[in-house]
Amino acid sequence: MKKKIVVLTVVLSLLAAVIAGCGGGAQEEGAFITHNHGEEPETIDPALNTTVNGGTIILAVFEGLTKLDEKDNPVPGTAERWEVSKDKTKYTFYLRKDAKWSDGKPVTAHDFAYAWERALDPNTGAEYAYQLYYIKNGKAYNKGEAEAEDLGIKVIDDYTLEVQLESPTPYFLKLAAFPTLMPVRKDVIEEHGDQWARSPETYIGNGPFKMVEWKNKDSMKFVKNEHYWNKDAVKIDGFIETFIAESSTMLSAYEAGELDIIDQVPLEEIDRLKKEKPDELHITPQLGTYYYAFNVTKEPFDDVRVRKAFIYALDKEAMVNKVRKSGIPASAFVPPGVPDTGEGTEFREVGGPIYPTKADPEKARQLLAEAGYPNGEGFPDVVLKYNTSEGHKKLAEAALEMWKKNLGIDNITLRNEEWAVFVNTRQKGDFQIARHGWLGDYNDPMTFIDLFTTGNGNNDTQWSSKEYDALVDKIRNTTNEEERMKLLHQAEEMFLEDAIMIPVFHYTENAMIKPYIKNLHKSPLGFTFFDKAEIVK
Amino acid sequence: MFKFVLNRVFSSVITIILIITITFALMHSIPGDPLTRDKEMPEQIRQNLMEKYHLDEPLWKQYFIYLKGLATGDMGISMKYQGVTVNEIIAESFPISAQLGLVAIAIMLLIGIPAGIISALRQNKWQDHLAMFLATLGVAIPNFVLATLLIYIFGVKLGWLPTSRWVSWKSVIMPSIALAGYSAAYIARLTRSSVLEVIQQDYIRTAKAKGLPERVVVYKHALKNALIPIVTYLGPLTAGILTGSFVVEKIFAIPGLGQYFVNSISNRDYTVILGVTVFYASFLVFMNMIVDIVYGFIDPRIRVGK
């Protein structure tokens, strides 16, 4: 019996040790905001990052030449002022002399020049290098066709940077605030290589916050950067990014008070949250569009009338309101929130709707009849492909039902593929209709327009129009903003008139923010800014 | 015994090499690669990255580069997470999965075995019916449903336990229950039927006839034999549970190894897929070996090496 007691004690104490060893850390002291990041970022190296959430971290730790204000207009950041040449291709930035890195060293023009050159260096392998293709010879250097010396980046002195662009780029000042263009430290990167962006000691930035902890797959912690030139404007002590990937778990953690901000909620909970917590649920437009891409080279969608019939037969309002419960029904491709020329005007409002958001069965059937398929008779078999996900499936089923009802076509089938397989299928053009989505890289219509040029790696519709390509080229070289905007509208109408895809809805961000968090800025590009946020309890 | 162990070690190594080869072939045969992105990257950049990860080499060469690294204990760098090695991933996430798993195993044994014994000894009495009702429920409820339910009750409504993440000792409670639920129920049923079978054997009747007290009959004679199927079940189960359960870890946002299992495949993160598979396979092979050896102690008839 004694032996048993000894064994039992040993087992129990071992178990107690195991339990005591679990986890670590306690709730944060001080004014910290806990924001759920979602899936852990693959990298937070400004040159290598490709995700929006990674961008949130980078923009908290670094500061570009410009930064975006509440309305997403570029305002002085590390550059206190700039000059633009008459032909709008040369920018001269004057850096503020009090800007410092988080280790106290001054921020100079060399840091920007190095960062941009590094992002463009083919050996860096930066996916977002194309964000710097606007710089003279940027593309050529990235493709190994030019030398680093040929780049249009010139350091005049420690605090003056001259940038020569390929062509006038009206949104260049916005791009200067984009994560890829943040300055980085040459000495740190040369010493630590790939590892520099992994550990708090070497992840040195020039922005309002600095990283103090990275717990793999769990969380990251950031505190105020005492060397930041504008540190007095920063109200909170810091913020924590947690890596909860499941949207239902995020919501539970939020409702239990463990998180202050979540960027998404399970779509099936939206109705309840609208009723129960209307002040905390923030539904804001995101710069992105969900669409069905036609492969315009494959039967039966090589006929524009068939494509149009499919567009008119779809009730986007029902798909959004009844099926998905989130989003803005789309009447065209460029989403709301993208500015037009005049102060406070929006591209979408100026351009107006191009297709109705409700179905027009009569028109749809007529178009289909003209194409030679009255009431869907003799229509070839069609497969709609989407990547495996409950949400995409529901929408595809709804679309299928509408095409069947409004066009009389019942030989459409659905096929789902696992994500990486699907991306391959789509890029190879191995589909008739496929689900697609596009999130803008910067807040200008161009990020939605140049997508459909010939040779663009993301133009999966296989549509190719010389006229369109020439138009986009012309837009790139137009300096007059009003004229440029007019041409952009013309371009959007052009590919929609050719009905190369069905815009279904524009994405919205369904965030939950605790009422005591004030002045938090969320950009339509998806970034969250903590530098002006406050906790008022 | 020594010869047996040597034999097993040798065949284990062969098994693991086979697993590596098959995994390697399978993962390269599915469409997509670590550089597959939603937004297609320019050809030149793709080329540069291919070179960086040796993906431009012929497959057989990649295979040998991997084996060579593995022989020196280097499982390579993740192709998805910048600047992270597979060794680091396993070293950091395995202890967490293991802690969670140990607690879960303790729960399932401490609940499953006694419940099984009690219901066998009280066959067709209310104790039996209650235990088997709960066991059926336990087997039928998927762990993600149990997890969601626990989170809702104890995390959101009562606020007693953290809903998710790995922050304090309290974090282990709900995920380990969710992880143990199914197996505890299964073990209870297994124990019950096994005990029932054993107590009908002649030698038990003999023991009873000798006038031994029930306690001695059950614990000294019956249980030892009744435990064999449970030990068999426990071997691979332990390996699976210690290396993490993807679903439970994902729901509770626990930074364990299980998450890497599935994520690495959808990411086509070749080195991580291989690393985690090799690790899991080795563990499984090792646990099976332990089970074989433990058999010998429980049941002299199947003592190995004789």
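Things to note:
- Selection within the stretch A:38-84 - of a type in the set (D, E, K, R), over 17 Å from A:Leu173 (Cα atoms) and open to solvent by 40 Å² or more (accessible area, probe 1.4 Å): A:Glu39, A:Glu42
- Only residues that are within 14 Å of chain A (Cβ to nearest Cβ), surrounded by fewer than 21 Cβ atoms within 10 Å (Cβ to Cβ) and assigned to a helix (DSSP H, G or I) were counted across the stretch B:63-89, and they come to 2.
- Which listed residue, of A:Val265, A:Val223, A:Val188, is assigned by TED's automatic domain parsing to the domain that holds A:Asn36, without any contact (Cβ under 8 Å) to a residue 60 or more places away in the chain and surrounded by 16 or more Cβ atoms within 10 Å (Cβ to Cβ): A:Val223
- Criterion violated by A:Ala434 - all others in (1) crowded, with 22+ Cβ neighbours inside 10 Å; (2) within 30 Å of A:Ile270 (Cβ to Cβ); (3) within 18 Å of the chain's Cα centre (by Cα) satisfied: (3)
- Evaluated against (1) out of contact with any Phe, Trp or Tyr (no Cβ under 9 Å at 6 or more places or on another chain); (2) assigned to a helix (DSSP H, G or I); (3) within 12 Å of chain A (Cβ to nearest Cβ), B:Arg37 falls short on exactly one condition, (2).
- Among helices (runs of 4 or more DSSP H) entirely within the stretch B:112-210, having at least 2 residues that are at the interface with chain A (Cβ under 10 Å from one of its Cβ atoms) singles out B:143-150, B:173-199.
- Being more than 30 Å from A:Tyr516 (Cα to Cα) and buried (at least 22 other Cβ atoms within 10 Å of the Cβ) is a property that A:Val350 lacks.
- Pairing each residue of the stretch A:116-133 that is more than 8 Å from chain B (Cβ to nearest Cβ) with any residue that is part of a helix (DSSP H, G or I) and among the β-branched types (Val, Ile, Thr), provided the two are 6+ apart or on different chains, yields C-beta distances under 6 Å for A:Arg118/A:Thr124; A:Ala119/A:Thr180; A:Tyr128/A:Thr180; A:Gln131/A:Thr180.
- If only residues of the stretch A:226-253 that are more than 7 Å from every other protein chain (Cβ to nearest Cβ) and hydrophobic (A, V, I, L, M, F, W, C) are counted, the one that is most open to solvent (accessible area, probe 1.4 Å) is A:Trp229.
- Between B:Ala222, B:Ala185, the distinction of being open to solvent by less than 60 Å² (accessible area, probe 1.4 Å), without any contact (Cβ under 8 Å) to a residue 40 or more places away in the chain and among the small types (Gly, Ala, Ser) belongs to B:Ala222 only.
- Test result for B:Tyr186, at pLDDT 90 or above and of a type in the set (Ser, Thr, Tyr): yes
- Here A:Asn424, A:Asn456, A:Asn375 are screened, and the one residue that is among the polar types (S, T, N, Q), without any contact (Cβ under 8 Å) to a residue 24 or more places away in the chain, more than 22 Å from A:Lys316 (Cβ to Cβ) and not in a loop (DSSP other than H, G, I, E, B) is A:Asn424.
- Filter result (on the phi > 0 side of the Ramachandran plot and open to solvent by 10 Å² or more (accessible area, probe 1.4 Å)) within the stretch A:501-535: A:Asn519
- Identity of the residue in the stretch A:268-298, of a type in the set (Val, Ile, Thr) and either crowded, with 22+ Cβ neighbours inside 10 Å or in contact with a Lys or Arg (Cβ under 7 Å, 6 or more places away or on another chain) (or both), that ends up nearest to the other protein chains (Cβ to nearest Cβ): A:Thr289
- For the stretch A:413-428, the criterion of being among the aliphatic types (A, V, I, L, M), more than 14 Å from chain B (Cβ to nearest Cβ), at negative phi and surrounded by 19 or more Cβ atoms within 10 Å (Cβ to Cβ) is met by none of the residues.
- Look at (1) in a loop (DSSP other than H, G, I, E, B); (2) small (Gly, Ala, Ser); (3) within 25 Å of B:Pro42 (Cβ to Cβ); (4) out of contact with any helix residue (DSSP H, G or I) (no Cβ under 8 Å at 6 or more places or on another chain) and you find that A:Gly104 fails only one, number (3).
- Check on A:Asn458, closer than 20 Å to A:Asp72 by Cβ, assigned by TED's automatic domain parsing to the domain that holds A:Thr345 and touching a Lys or Arg at 6+ places or on another chain (Cβ under 7 Å): no
- Count - residues of the stretch A:355-372 that are in a loop (DSSP other than H, G, I, E, B) and over 36 Å from the mean Cα position of the chain (by Cα): 2
Residue by residue, here is whether (1) surrounded by 18 or more Cβ atoms within 10 Å (Cβ to Cβ); (2) under 18 Å from A:Ile244 (Cβ atoms) holds:
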site: B:Val139; (1), (2): no, no
site: B:Phe144; (1), (2): no, yes
site: B:Phe154; (1), (2): yes, yes
site: B:Trp160; (1), (2): no, no
site: B:Ser164; (1), (2): yes, yes
site: B:Val172; (1), (2): yes, yes
site: B:Gly181; (1), (2): yes, no
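The values are calculated or read from the model by the stated rules, or taken from the named source; none is laboratory data. It should be emphasised that the depicted structure is a prediction, and the values quoted were computed from it without experimental measurement. All Cβ positions, glycine included, derive from the backbone under ideal geometry; neighbour counts span all protein chains shown. Heavy atoms of the whole protein, side chains included, go into the accessibility calculation; ligands, DNA and RNA do not. Shrake-Rupley method; radii C 1.70, N 1.55, O 1.52, S 1.80 Å.
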